[in-house]
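The values are calculated or read from the model by the stated rules, or taken from the named source; none is laboratory data. All of these numbers come straight from a predicted model, not from anything done at the bench. Positions of Cβ are backbone-derived with ideal geometry, glycine not excepted, and every protein chain shown enters the neighbour counts. All accessible areas refer to the heavy atoms of the entire protein, side chains included, with ligands and DNA or RNA removed. Shrake-Rupley method; radii C 1.70, N 1.55, O 1.52, S 1.80 Å.
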Amino acid sequence: MVVLILLQRFISDRRGNMAVMFALFILSITMVAGGALDVVTANTAKDRLSDALDAALLAGAGSLSISDDLAKTTAGTYLSRNAAGANNLRYSFNVNDDVLSGEASATSTTVFLGLFGIQEIPIKAEAAATVGAGSGGMELAIVVDVSGSMTGSIPSLRASITDLLGTIYENEDSLENTWISIIPFSGRVNVTNYGESWFASGQIPATAAFSQVNEWGITSSAASRCKINAYTASAPRLCASRRTGDNQWTNALPSDERFRMFGGAAEVCPVPRAQGLTQSRSTLQQITNNLCAGHGTSTQEGMAWGWRAVSPRWKGLWGDPDLPLDYEDSPGKFVIIMTDGANHPGQSGDTISVSQADAELLKTCDAMKREGIVIYAITYNMGGSLSSLYQRCTSRPEYEISAESFSELTDAFLEIGSRIKREGSLRLIK
């Protein structure tokens, strides 16, 4: 009997031990899961701090030609404004041999780890930026809106790009270390001249002889509208559907994920074709003279192709085996995006919202800026309604220009062209 009583007590004690062990197990799992969320939050905060520091250094580097102190003050002001939500923000800047370097630190407040005495996770970012010499050349992608709403403004767009080319080339047809690309976009980008090998097997339409038929898309340069509702041999077009995951908005190669033919309304695939980097002013002028308006607006698509046009990952895929240049060899990589309206992904049959399209655009812009690509933007005939969005896209807020008339559109292109030639390349140093 005594033995049975002792055995029952032992079993009861074991049950208590198991309860304690189970409680400790649950607590450990909760701590690990909660701690992981705090770490993810800290990493996100670090990415935001790094982006803000990069943008601040680019802003400050533009003042290096004036004074070191102004460069550091400008960078500090810009960082304080754009990282205002960072906890315990501290930063310092230094100038050495025309290089503006910076270091920023902050903390990310914890939630779950705070229960165990870890109230904050420190975060830190470091980077440097410089400005190249003016008139040293460029790799420039001109990403232009040829959506339906641009129909009446196509002559103005042609004239404005013509003036931009005149500013850059002056009296020459080609310049050393100067290559320019034109990426027309509406709902999609037409890559007929290059993309047959970029697409998955069986995706190319039967309207072949892409490079031979009706190269410029319209039969008369007087026409400004080319909204074509079917794929035909007389107007062959090759546009890509949305890719999966990050490949949609990055400079991922065709070998990373083959493109598939756009399956929506044919009118969304523009007639004007993308032109890779070229030194030939006459080629660029011929493309400019034959721009025409189609249907749909997807600036996130246009910008992704603008990145691919200057990305060294795409070297050799745009016709020239040596272009785009590696970052360290480039005289400076620039992208100008011009649009006259908000994104309308639904017009392309895309199931994303306008805010999602805008977010994709900004992710592309941020990634490009981290690579040292300098971004300018022109918002046309919109009363400044999208200026704030494109100020976040550009390398500096003042690199967004709101143009409300033909003369202002021309002035915007001329100002950007002159600034690129005068100031050279603001670039981040990795």
- Pick out the one residue from THR351, THR410 that is open to solvent by 10 Å² or more (accessible area, probe 1.4 Å) and closer than 24 Å to LEU164 by Cβ. THR410
- Message: I need the strands (runs of 3 or more DSSP E) fully contained in region 316-405, keeping only those with at least 1 residues that are within 11 Å of the chain's Cα centre (by Cα).
- Response: 333-339, 374-380
- Message: Residue under question is THR339, and the condition is that it be surrounded by 17 or more Cβ atoms within 10 Å (Cβ to Cβ), at pLDDT 95 or above and touching a Ser or Thr at 6+ places or on another chain (Cβ under 7 Å); does it hold?
- Response: yes
- Message: Where the second residue is among the aromatic types (Phe, Trp, Tyr) and the first is surrounded by 15 or more Cβ atoms within 10 Å (Cβ to Cβ) and lies in region 313-332, which pairs have Cβ atoms under 7 Å and are six or more apart or on separate chains?
- Response: LEU317/TYR194; TRP318/TYR194; LEU323/TRP179; PRO324/TRP314
- Do we find a residue being surrounded by 18 or more Cβ atoms within 10 Å (Cβ to Cβ), out of contact with any Cys (no Cβ under 6 Å at 6 or more places or on another chain) and touching a residue at least 60 places away in the same chain (Cβ under 8 Å) anywhere in region 91-99? no
- Is one or more of the residues making up region 220-238 buried (at least 18 other Cβ atoms within 10 Å of the Cβ), of a type in the set (Gly, Ala, Ser), at pLDDT 95 or above and in a loop (DSSP other than H, G, I, E, B)? no
- Message: Of everything in region 198-219, what is of a type in the set (Gly, Ala, Ser) and either modelled with pLDDT of 90 or more or in a strand (DSSP E or B) (or both)? Give them in sequence order.
- Response: ALA200
- Query: What pairs come up if the first residue lies in region 379-400 and is within 18 Å of GLU415 (Cα to Cα) and touching a residue at least 60 places away in the same chain (Cβ under 8 Å), the second is in a loop (DSSP other than H, G, I, E, B) and among the acidic types (Asp, Glu), and their beta carbons are under 7 Å apart, counting only those six or more places apart or on different chains?
  - Reply: TYR380/ASP340; ASN381/ASP340; ASN381/GLU404
- Query: Restricting region 57-80 to residues that are modelled with pLDDT under 80 and under 18 Å from ARG392 (Cβ atoms), which is most open to solvent (accessible area, probe 1.4 Å)?
  - Reply: GLY62
- Could you check how many residues of region 354-378 are open to solvent by less than 10 Å² (accessible area, probe 1.4 Å), among the polar types (S, T, N, Q) and more than 13 Å from GLY306 (Cβ to Cβ)? 0
- Query: Would it be correct to say that SER418 is closer than 13 Å to THR339 by Cα, surrounded by fewer than 16 Cβ atoms within 10 Å (Cβ to Cβ) and among the hydroxyl-bearing types (Ser, Thr, Tyr)?
  - Reply: no
- Task: For region 273-283, indicate whether the set of residues that are buried (at least 17 other Cβ atoms within 10 Å of the Cβ), charged (D, E, K, R) and farther than 16 Å from PRO184 by Cβ is non-empty.
- Result: yes
- Task: Can you run down the residue pairs with Cβ atoms below 8 Å, 6 or more apart or on separate chains, where the first is in region 280-296 and free of Cβ contacts under 8 Å to residues at least 60 places away in the same chain and the partner is open to solvent by 10 Å² or more (accessible area, probe 1.4 Å)?
- Result: THR283/GLN275
- Task: Considering only residues that are within 23 Å of ASN229 (Cα to Cα) and open to solvent by less than 20 Å² (accessible area, probe 1.4 Å), look in region 244-272 and name the one that is nearest to the chain's Cα centre (by Cα).
- Result: PHE259
- Scan (1) more than 21 Å from GLU301 (Cα to Cα); (2) modelled with pLDDT of 95 or more for the single condition GLN248 breaks and write down its number. (1)
- If you take the residues of region 118-168 that are among the small types (Gly, Ala, Ser) and in a helix (DSSP H, G or I), which of them is surrounded by the most Cβ atoms within 10 Å (Cβ to Cβ)? SER160
- Of the numbered conditions (1) under 24 Å from the mean Cα position of the chain (by Cα); (2) at pLDDT below 85, ALA52 satisfies every one except a single condition; which is it? (2)
- Task: Tell me which of these SER174 doesn't satisfy, since it passes every other one: (1) part of a loop (DSSP other than H, G, I, E, B); (2) among the polar types (S, T, N, Q); (3) crowded, with 20+ Cβ neighbours inside 10 Å.
- Result: (3)
